[in-house]
Structures are given as structure tokens and as C-alpha cells.
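Working notes for the structure below.
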Amino acid sequence: MKYIADELFLDLKWRMRHTIQFQTSILFIVFIFFLRQLVHYLGQYLACQLMQVPITKFDLRWYRCDLEYAAWEFWQEAVVVAAGPISNSVLFSIAAFSSWCIKRTLGSYPKYFYKVVAWTGVFAVLDPFFVLISDCLAQYWDNGDYFKFYHWFIKAGDNGVVGIYLSFFMMITLTIFTGYLLYRFMVGVYMNGRILDLYRRLSGNFKAFFVPMDHEVSFKYLQWVITRAKKQNNVIVSEKREIKDKFGIERMVNLIQIFKI
């Protein structure tokens, strides 16, 4: 999780506030935040339409949406409440799958679009909590998404605590599901699997690495490595080992003479 957080906040460090990367990142993060809200309530509106549940009020505002409907069965209420977070999960899944298909088909995918997809997944994971906080701040106690089960059981003459348990269970289940999708995207798809590669490089044992053959690295890279080694300014510090293979030493000397390093 640390590597995922580092990748997400790579362009959001305060010292980069004057760069175009920082400013652009803030813009699309704010845009995705409000897109999450719109997708949430449009998903609930669509669920009501599919179940033919009458909608009595649909008032879309910049900070929230007031959606009121006349459900006559508990399962309809449950479907509508779950439709909001699921809609954001579907949006993120489509974006992630599209990035994988484009990378697989065309061989490349824009780096910045990876970040847009990643933040779409982050807001999809946190969507239930944002809705809960928004309903609490607006004091939307009667028709808030995660208060509806409580009032349903109260009206039915049962204990409203059961509704609280069901709401909490739904929130946690949807969060875990979307979180798993985000994890799979960040590890296997994001930046062509860069996080997994970074983890393997930092935690892999000695046998997991190999010295490339002559033609597997460029001349500039080889020149840079040898120059840093001569200056004893290595980027990756490893243990020193005495080389006793005279053929290997002669091979390296000949390689340096050929490239005139």
C-alpha cells in the first residue's frame, strides 16, 4: 500500500505547487470528485427507472443530490442504495479495462491518463464514506442513503438497529470489493506494472537479479554505470566482492577500450 500511495501523491508534493504537473493534478482530482457524485446519483436514478419505482424528487446540486422515490419493497430500497457505489465501481472498471486494452493493442497508454484512472478508483472506493459525510453535514437524516434502512425498519415496527447493521455491512462490502479492483489495477496495470516491478527490485533476493548481456544495454547506459563506479558515486550501493576471474576482467577491459570510455 505504501508504494501505491507514493505513486498517487507523486505529483502532489507541496514543493511542486508551481509546476504544471501539480496544478493539472489538482484540477482533474476536483473534477473526478464531482464526477463521482454525479455518477452515484445517476446510478440510483437509473435503478429506480429500471425497477419502475416512482421518483418524486430529483434535485441535483453542486455538493449533493436530493433523490426521493416511493419504494414499496425493502429489496428495492436496498438496490437503490447499492446502485450509487456500484455505479462508480463500474465506471472505474470500464476505465481500467479500457487502459489495459489500449496498452495491449497499441503498445502504449498516456502516462497522465493512468493517474486519472487511478484517482477514479480512489474516489470509487471512498464513495460510500463521502455520501455518509455529505448526508450528515446536510442533516439529511430522513432520506440519506445510509439512514434509509434504519427508518424502513422503524416504520415496519422492528428494531432500527438492524437497519444500521445492514447499512454498515453494505458499506464495508462495497468498499472491499472496489478496493480489490483498485489494488489489482495499481499492481498489474498502472504504468505497465511499475509498482510490482519496484516492489520486486526492493524486496527481491540476490538471485532474482542478473547482469545483462552486452547488447541488452545501450552504450550511454554502460558509459554512465562505469563513470559512476569510477567516481565511487553509485546509485545502488551493494556489497563489494573481489573478482578473481581473469577472463572476466580482461573482457571488461576490452569492452571499455572498444567503447573508448
Looking only at residues that are surrounded by fewer than 18 Cβ atoms within 10 Å (Cβ to Cβ) and among the hydroxyl-bearing types (S, T, Y) in the stretch 176-190, which one is modelled with the highest pLDDT? Y180
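Filtering the stretch 64-83 down to residues that are outside any strand (DSSP E or B) and of a type in the set (D, E), which residue is modelled with the highest pLDDT? Quick ask: steps written out before the conclusion?
Start the filter on the stretch 64-83 by keeping residues that are outside any strand (DSSP E or B), which leaves 64, 70-83.
Among the residues that remain, those that are also of a type in the set (D, E) are: 73, 77.
Values: E73: 88, E77: 91.
Out of the qualifying residues, it is E77.
If we scan the stretch 152-167, do we find a residue that is touching a Gly at 6+ places or on another chain (Cβ under 9 Å), β-branched (V, I, T), in contact (Cβ under 8 Å) with a residue 12 or more places away in the chain and surrounded by 14 or more Cβ atoms within 10 Å (Cβ to Cβ)?
At the first step, the residues of the stretch 152-167 found to be touching a Gly at 6+ places or on another chain (Cβ under 9 Å) are 152-154.
Checking the rest, the ones that are also β-branched (V, I, T) come to 154.
Within this subset, residues satisfying the condition of being in contact (Cβ under 8 Å) with a residue 12 or more places away in the chain are none.
Checked the stretch 152-167: no residue is touching a Gly at 6+ places or on another chain (Cβ under 9 Å), β-branched (V, I, T), in contact (Cβ under 8 Å) with a residue 12 or more places away in the chain and surrounded by 14 or more Cβ atoms within 10 Å (Cβ to Cβ).
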Output for Cβ contacts, cut-off 7 Å, separation at least six or different chains, first residue assigned by TED's automatic domain parsing to the domain that holds V122 in the stretch 23-52, second of a type in the set (D, E) and assigned to a helix (DSSP H, G or I), reads R36/D127; H40/D127
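Can you tell me how many residues within the stretch 168-186 are touching an Asp or Glu at 6+ places or on another chain (Cβ under 9 Å) and either of a type in the set (S, T, N, Q) or outside the structural domain of G144 (by TED's automatic domain parsing) (or both)? Write out each step before concluding.
Going through the stretch 168-186, the residues touching an Asp or Glu at 6+ places or on another chain (Cβ under 9 Å) turn out to be 174-175, 178, 186.
When the remaining residues are screened for being either of a type in the set (S, T, N, Q) or outside the structural domain of G144 (by TED's automatic domain parsing) (or both), the result is 175, 178.
Within the stretch 168-186, residues that are touching an Asp or Glu at 6+ places or on another chain (Cβ under 9 Å) and either of a type in the set (S, T, N, Q) or outside the structural domain of G144 (by TED's automatic domain parsing) (or both) number 2.
Tell me yes or no: at least one residue of the stretch 10-25 is outside any helix (DSSP H, G or I) and small (G, A, S). Outline the logic, then answer.
Initially, the stretch 10-25 is screened for residues outside any helix (DSSP H, G or I), giving 10-13, 17-19.
Applying the additional criterion that residues be small (G, A, S) yields none.
Scanning the stretch 10-25, I find no residue that is outside any helix (DSSP H, G or I) and small (G, A, S), so the answer is no.
The values are calculated or read from the model by the stated rules, or taken from the named source; none is laboratory data. Treat the numbers as computed from the prediction; the structure is a model and nothing was measured. FYI the Cβ positions are ideal-geometry reconstructions off the backbone, even for glycines, and counts take in every protein chain you see.
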